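Following: one structure in C-alpha cells, then a few remarks.
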Amino acid sequence: MAGTVITRKGVALIARLLASKQPLVFTRAAVGTGALPAGYDPAGMLDLNQYKMDAEISGYAAEEEEATVTFQISSTNVDEGFIITEAGLFAEDADDGEILYSYLNLSDDPQYVYAKDSTIQKFAEIEFKTIIGGVENMTAVMSPGALVTKKELETVTNPEFEDYSGEGAEVPGAREAIARIQSKKGLTGIISNIKAALMGLVTLGEIRGMLVNNGLCSEAGKFFLDAAYGKNLQDQLTKLNSDFQLFGQAQRFAAGYD
C-alpha cells in the first residue's frame, strides 16, 4: 500500500532476524487519528501519533520480500465516531519487546468510523502491505474477534463437492470423503479462520451461543434456541396441557354429583 514506511526499529529487526533465521511475528495492528508533523520522517516513529484503537487481524500472506496483513475496524465498540488518519503494524522484538514495525499515513485517504449506535454502521478492511526483506518465515497473531462476510461463509458452507451420482461412480469411505472435502480450495484453513457470519456480521462467541444456548440468553435477536433444549420445553408444555385437560375433566365430573 502506497505510503507505508518501515521504521528504523523495523529495519533493525529484519537484520537481526536474517542473522538468527528467526521468524518475523506481527503482534497487532492499530489505527489512530493523528497526523505527521511537517517535515517529520515517519521512519523514526515509535508509536502512532494519536492512538485510537486496535484493529482485528483477519489474515496475512507473504510473497517474496513483501507481506500483506489484512485487518479490520468496525463500529461495534465505538462510542463516538472518529476519522482514521494513520495505521500501524507492530512486531515482536526479542530485545525491545513489541515495536512499531511499519507506519501508514492515511491523511490523504481518511476513513470515518461511525459510533455503534449510529444508523450507519462502518466496517473497514485494510490490506496493509509492507516490506519484510529476505526473512523466510513470517506470521501474524490472528484476532479472535475478526469478522467474515456472509459471502465468505457461503464459500465454506457450499464448497464444490465431487459428484458420485453417475453410473459406476465409486463412493469413497467416510475418512476419504472428509480428506477430499478438506483439500477443496483450502477449506481447512478457511474453516479454522472463521470468526463470524450468518445474515451479516457476528462474532465467534455469538456463533457458539447459537450452538449452546440454554434459554438464558438476555440479548434478543442474536441467538437461536438449542434443539435439545427446545424439545425439552415442548415436552413440558405438552405435559402441562395434558394435566390441565385432566383437571378440567375432574372438575366437570365432580360438578355432576353436586
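Here are a few things to note about the model shown:
- Which listed residue, of 134, 97, 81, is without any contact (Cβ under 8 Å) to a residue 60 or more places away in the chain and within 21 Å of residue 23 (Cβ to Cβ): 97
- Taken over region 16-42, the criterion of being free of Cβ contacts under 8 Å to residues at least 40 places away in the same chain and among the aliphatic types (A, V, I, L, M) is satisfied by 19, 38.
- Tallying residues that are open to solvent by 20 Å² or more (accessible area, probe 1.4 Å), closer than 17 Å to residue 100 by Cβ, among the hydrophobic types (A, V, I, L, M, F, W, C) and outside any loop (DSSP other than H, G, I, E, B) within region 34-76 yields 1.
- For residue 99: the one exception among (1) open to solvent by 30 Å² or more (accessible area, probe 1.4 Å); (2) of a type in the set (Val, Ile, Thr); (3) modelled with pLDDT of 95 or more: (1)
The values are calculated or read from the model by the stated rules, or taken from the named source; none is laboratory data. As the structure is a prediction and not an experimental result, all values here were calculated from the model. Quick reminder, even Gly has a Cβ in these numbers, built from the backbone with ideal geometry, and neighbours come from all protein chains shown. These area figures cover heavy atoms from the full protein model, side chains too; ligands, DNA and RNA do not enter into them. Shrake-Rupley method; radii C 1.70, N 1.55, O 1.52, S 1.80 Å.
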